[in-house]
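Trainee: Dumping the structure here so I can ask a few things about it.
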Amino acid sequence: MTMTVIQFMKRFPNDDACLEHLMAQRYGFRRTCEGCGRPSIFHRVRTRKVYNCQWCGHQISPCVGTPMENSRTPLVSWFYAMYLFTASRHGVAARELQRQLGVTYKCAWRMAHKIREYMAKVDGDGMLDGHVELDEAYIGGRKRGGKAKGLTGRGADKAIVFGMVERGGEAITRVVEGAGRRDLLPHVRAHVAPGTHISTDEWMPYRALPRMGYSHGTVEHRSKQYVSGRDHVNSIEAFWLILKRSIRGTHVWVSRKHLSSYLGEFEFRWNRRKAPERMLADLLAFRT
Ligand SMILES: [Zn+2]
């Protein structure tokens with residue numbers, strides 16, 4: 001279960017509680033000091049968002065590398081914004097943050113953008129294996145149409161997104177320039193383990209997969225075939241469906257420029273869908 005608002009307020013009543021949580025989760029109070037090399041206990045420096053080594057005064061600032069770094073917005077507001085991002089199923093629009101936090105639209109927009117980028121970073125991209133489905137989707141833009149693959153004219157306003165989904169596992173997406181072999185296959189090589197079984201539709205570039213060391217099965221969507229033995233692309237189509245619904249429902253539309261950070265946010269949520277209570281904890285504990 002994810003935290004309720006009441007639980008959240010109890011857990012993070014003020015900036016001191018937030019900072020202490022970040023320090024505990026990202027560094028720990030008892031640690032070997034990077035400054036003097038001695039086992040040490042770190043204490044909060046009053047009036048500043050830093051902790052000091054008990055021996056040498058070496059300082060750790062728990063916000064470094066998070067969206068809160070160098071921000072004048074209270075930590076509580078950041079924490080609450082991140083809470084909203086992880087508690088909602090479809091993401092949070094800047095207008096909503098503005099309303100709930102009482103900040104300007106500009107500030108809300110910037111916070112939302114930073115949180116999305118952070119979610120993408122925390123999620124990262126691993127290696128998929130087992131049984132993987134590949135597909136492309138056309139997302140965003142103001143114009144309709146442009147369903148043909150690799151279109152540059154009519155559907156040029158839409159962005160092409162390439163998706164790789166492991167059945168029962170994680171999803172990885174990329175905004176790509178086109179839907180040709182050179183646009184798609186390098187991502188497969190980078191993110192799908194050799195020997196993996198891959199299901200796709202009949203789109204030409206995928207025919208090269210066996211030569212790349214994958215086992216490959218197709219469904220002929222053109223001939224209205226949607227399942228062939230173990231081959232189908234239902235998982236990735238479910239992924240696209242929720243993604244498009246989220247974008248439409250929350251943001252109406254998303255510019256091509258910002259699409260990859262929305263995708264990162266969406267992947268973060270999708271990849272933790274079986275353990276939603278981990279979402280906020282993962283965000284607050286992450287350290288590179
Ligand atoms: Zn020290």
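The values are calculated or read from the model by the stated rules, or taken from the named source; none is laboratory data. Note that the structure is a prediction, hence the values are computed from the model and not measured. Every residue, glycine among them, receives a Cβ derived from its backbone with ideal geometry; neighbour counts consider all protein chains shown.
Trainee: Going through region 27-60 one residue at a time, which ones are under 30 Å from His113 (Cα atoms), in a loop (DSSP other than H, G, I, E, B) and more than 15 Å from the ligand (Cβ to nearest atom)?
Mentor: Selection gives Thr47, Arg48, Lys49.
Residue-by-condition table, conditions (1) at pLDDT 95 or above; (2) under 22 Å from the mean Cα position of the chain (by Cα):
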{"position": "Met23", "(1), (2)": "yes, no"}
{"position": "Gly37", "(1), (2)": "yes, no"}
{"position": "Arg48", "(1), (2)": "no, no"}
{"position": "Gly57", "(1), (2)": "no, no"}
{"position": "Ala81", "(1), (2)": "yes, yes"}
{"position": "Ala87", "(1), (2)": "no, yes"}
{"position": "Met111", "(1), (2)": "yes, yes"}
{"position": "Glu117", "(1), (2)": "no, yes"}
{"position": "Asp123", "(1), (2)": "no, yes"}
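Trainee: Looking at Asp135, is it in contact with a Gly (Cβ under 6 Å, 6 or more places away or on another chain) and outside any helix (DSSP H, G or I)? Before the answer, list the steps.
Mentor: Numbers: in contact with a Gly (Cβ under 6 Å, 6 or more places away or on another chain): yes; outside any helix (DSSP H, G or I): yes.
Yes.
Trainee: Of all residues being under 25 Å from Gly169 (Cα atoms) and among the charged types (D, E, K, R) in region 214-247, which is surrounded by the most Cβ atoms within 10 Å (Cβ to Cβ)? Just the residue, please.
Mentor: Per the stated criteria, the residue is Asp231.
Trainee: Look through Ser228, Ser199, Ser215 and report the one residue that is out of contact with any His (no Cβ under 8 Å at 6 or more places or on another chain) and among the hydroxyl-bearing types (Ser, Thr, Tyr). Before the answer, list the steps.
Mentor: Values: Ser199 fails: out of contact with any His (no Cβ under 8 Å at 6 or more places or on another chain); Ser215 fails: out of contact with any His (no Cβ under 8 Å at 6 or more places or on another chain).
Only one candidate qualifies: Ser228.
Trainee: Next question, about the same structure. Kindly indicate which of Val64, Val76 is among the β-branched types (Val, Ile, Thr) and either within 16 Å of the ligand (Cβ to nearest atom) or farther than 18 Å from Arg287 by Cα (or both).
Mentor: After applying the criteria, what remains is Val76.
Trainee: Please go through region 28-49 and pick out each residue that is touching a Leu at 6+ places or on another chain (Cβ under 9 Å) and either small (Gly, Ala, Ser) or under 26 Å from Arg110 (Cβ atoms) (or both).
Mentor: Narrowing region 28-49 to residues touching a Leu at 6+ places or on another chain (Cβ under 9 Å): 44, 49.
Passing the criteria: only Lys49.
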